[in-house]
Structure formats: C-alpha cells, structure tokens
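Asker: Let me begin by handing over the structure; questions about it come next.
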Amino acid sequence: MGPGGAARSGVAAAVALTARWPWWVQVGGLYLAARLVSACIFMAAALHQGVNPWFPAKPDYWSFVNIWDARWYGEALQNGYPAVLPTDGAGNVQENAWAFYALFPMLGRVVAGLAGVSPASALTMIAMVSGLGAALVIYKLFRLRASHRTAALWGTVFVSTFPVSAVLQVPYAESLNLLLLATALLLVMERRYLWAMPAVVLMCLSRPTGVPFAAMIGLLFLHRVWQHYSAAEAGRSRDAPHSVPQLWSLAGLTAVSGIGALLWPAIAWAVTGDIQAYTKTETVWRGHDLVPFKPWFDTGILLFGPVLGVLAPFVFVALFAAAMMCRPVRALGTELRLWCACYMGYLLIFLHPQTSTFRMLLPLFPLALSAALVSRSRAYRGSVVIMFLLLQIVWIVWLWAWAPLPGGGDYPP
C-alpha cells in the first residue's frame, strides 16, 4: 500500500473510531475545534492590528477579543445603567448602556464575584461556555428533524463554522442568546410549553429576539387552534395535533412571550422615567429615528441606485420566500420555519442594514440544517465548511480588526 492509501486508511479508521463516541462528545469536540480555528484567525489578525482606540498595536488574544460591544457590556457590568439618559448640548440622547440587555452583564458580575476574575474574563468565560451549550442544544433540536448521520451533526458543524460564529467566543451576548433561543425552540417543538416560559423570559433579557419570538408563538398558537378544530369537525378529534390542555399551555406561552418582548424597554422606562429610553438609545447608532422598512430602501438606493435600489428589498423578500418553500427548508417543520420567517420579518421592519447585519443573521441558525439536507455529498458539505472558514477570515480581518476610515471611525462587526 502506497503512502496515499495508508493516509486514507488512517483517516477512515479515525472517522470510524470517532463515530462510536457519544453524540455530545462528537458535537462538543467539533465545536471546540471550530473555536480553536477561530482563535487562530483572531491571533493572526491581532498581529496586524495597528493603532486603535482600545490598546497598543499588536495586542494579545484576550485584549483583541474584548473590544467593540464587549466594552459596553463591561460598562454595564461595572457601573450598571444610567438613571438619566446622557444627552449632548442640543438635548440629543448619546450612546449609553441601555442598548445592551442586562442578563449577560448580570451573569458576568456573578461569575466575577464568585471566581474572583476580572469582568472581561468573566464575560469571556460565560460566552465560551454558552456557545458550547448552544451547540449541544442545537444538535438536539436538529435531531428532531434529521438523524445523526443524515444531517443533524453536519447542521451543527455549519452553525459552529458560520462566518460570524467567531462571535460566540468573544464577550458578546450572542452565544448566551443563541443558547436560550435554541432551548426555547427545542421545548416548543417538544410541546413542553410551560417549561419554555422561563427560557423565553431569560432570552428576552439577553438580546432583542423577544419580538419575533412572540410573533412566532402567537402565529403558532393560531395555527394549532385551527388544526385542532379542523380535526374535530372532521370527526377525528382523537388525532388532533394538540389537546385542549396543550392549547391552553401554548396560549400561556404566547402571553409570556408578549410580556417578555416588552420587558427590557419597560425596565428602561421604569429606571429613567422616559417611555422611549430604549428606542432613543438604540437609534443613536443609526443617526436617525426608527422608521419601519425605510432603512432597507435607503441602503438599496445607496448600493444599487435610485431605480434598482427601490426594487432590491422586494427582490430580497421574494428570494427569501422562495427559499422558505424549498424542500430542505420545509423539512424543518412548522415551528422552525415560522421562527425563521418571523425573525426575518423583524429584521426587515426594524433593522438598519449595515455591517452588523451579518452578526444579526445568527438566530436564523435552523437554516443550517436545511443547508446540510441539500446534499449528503461529503464534497459538498466539506466545501461549505471551507467556504465558511474562509469567510470567517474575511469577517474578522475586515470588521473585527480596527482600521480607521477616511472620515473617522470604522465599520462595526
């Protein structure tokens, strides 16, 4: 046997060996391997980091990952949230911590106190552990729709290597939110609606995913009620998808989700006395007031001109709708498809598209399973992983590393 044949035999033997490991070892090992690759990309980018607002050039890894919004979470951890919104001389609200939800910094304060570590270290630890937990829960969620070998494991690998997945190991709330979101979706799909309530409330206090989740649960409730009574009218009440107690539990989750979606803005109002405290703060980074849908047309015109720019959002919506109807996406089931549709709808209504938009696509993680279901070819799946890792290099070097623009500042990741 030649050297090439021996290498292939060795790889085959290694694959066969790891295939016998418990699922959580396989998922955890692959996730940690993905994070190690991301760490190497971060360290390589840090070597080329020049003068910046936070630290000297060529910082170490830990300093390099504790920039951008990580500094705001650290501010919330150490100093809390302002009782009076900071304003400039003209009375315009300035950037402040109310744009960053409280669960992540609160947990950081607890960990820092118990472990005796710095706030930055505590937040980094929480992010890394949450990311690993999210990968495990996502795999369990995918197993409800696909077998281990068919696509569940590969779908989890796609999430772990996604171009913005490097954010799961930095002191941002994305990993914690992803863990809570995946947990809530898993419990909803298993029809454990009462158990989902605390997960949803915590999710609503981690990042602004409460509004689309509440919309998804509300639409799901209406769909399940229609299914129940349609089956009963057909004389098949025994086979109705949901029993009456399950419908009541789902109704309760709908109410809790709606309340949770408004919880953080309500807290900001209660502390500051300004009913618009959260929205005023959130829109500071945009430079203008929130007008639903309008930013997408403004960005379209900026990128494609006055005619194509107006058409671009409609084309995008049409393409997304077509994708939601294709067979691999239909395989996700009602709950996951409804979540993806509601979350994308939320982005279209409220989001100001910019470079941070790439990071905000992470909650659409169920589509990773659809991508794995497109083909069982190892060449296809391996190519997707390689493409994701290459794009991860682009994301870190282009957006995470600081490179001042001619007019000052830099594009945020």
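Rule-based calculations on the coordinates, nothing more; no lab input. Treat the numbers as computed from the prediction; the structure is a model and nothing was measured. We place every Cβ from the backbone using ideal geometry, glycine too, and count neighbours over all the protein chains shown.
Asker: What does the C-alpha gyration tensor say about the overall shape of the range 214-340? Classify as rounded when a/c is under 1.5, otherwise prolate if a/b is larger than b/c, or oblate.
Answerer: Values: a/c = 3.87, a/b = 1.37, b/c = 2.83.
Note, shape of the range 214-340 comes out oblate.
Asker: In nm, to one decimal, how far is the modelled label at ALA251 from the one at VAL315, with both set 7 Å along Cα→Cβ?
Answerer: Label-label distance for ALA251 and VAL315, simple model: 4.7 nm.
Asker: The range 338-377 to the range 166-190: how many Å between their Cα centroids?
Answerer: When both Cα centres are located, 14 Å separates them.
Asker: Now for a separate question. What's the percent breakdown of Cα-Cα distances in the chain across 20 Å bins, shortest bin first?
Answerer: All Cα pairs considered, the percentages come to 23, 57, 18, 1.
Asker: Tell me the mean residue ellipticity at 222 nm calculated for the chain from its helices only (DSSP H runs of n ≥ 4, each -39500 (n - 2.57), averaged over every residue, nearest 500). Walk me through the intermediate numbers first.
Answerer: On the way: 19 runs with 271 residues, N = 413.
Mean residue ellipticity, 222 nm, calculated: -21000 deg cm²/dmol.
Asker: Comparing HIS223, HIS148, HIS288, which has the greatest mean-square fluctuation in the GNM of the chain with Cα pairs linked when under 10 Å apart?
Answerer: Fluctuation is largest for HIS288.
Asker: In nm, what is the difference between 0.36 nm times the number of residues separating TRP226 and ILE301 and their Cα-Cα distance? Can you show the working numbers first?
Answerer: Numbers: separation 75, 0.36 × 75 = 27.00 nm, distance 4.16 nm.
Full extension of this stretch gives 22.8 nm more.
Asker: Between PHE293, PHE162, PHE142, which gets the highest mean-square fluctuation from a Gaussian network model of the chain, Cα cutoff 10 Å?
Answerer: PHE293
Asker: Hey, which aspartates and glutamates would be in cross-link range of LYS140, C-alpha to C-alpha under 13 Å, not counting anything within fewer than 8 residues on its own chain?
Answerer: In chain and number order, the partners are GLU190.
Asker: Given a 10 angstrom Cα cut-off, can you work out which residue in ILE349, ILE396, ILE217 is the most mobile in a GNM of the chain?
Answerer: Top of the fluctuation ranking is ILE349.
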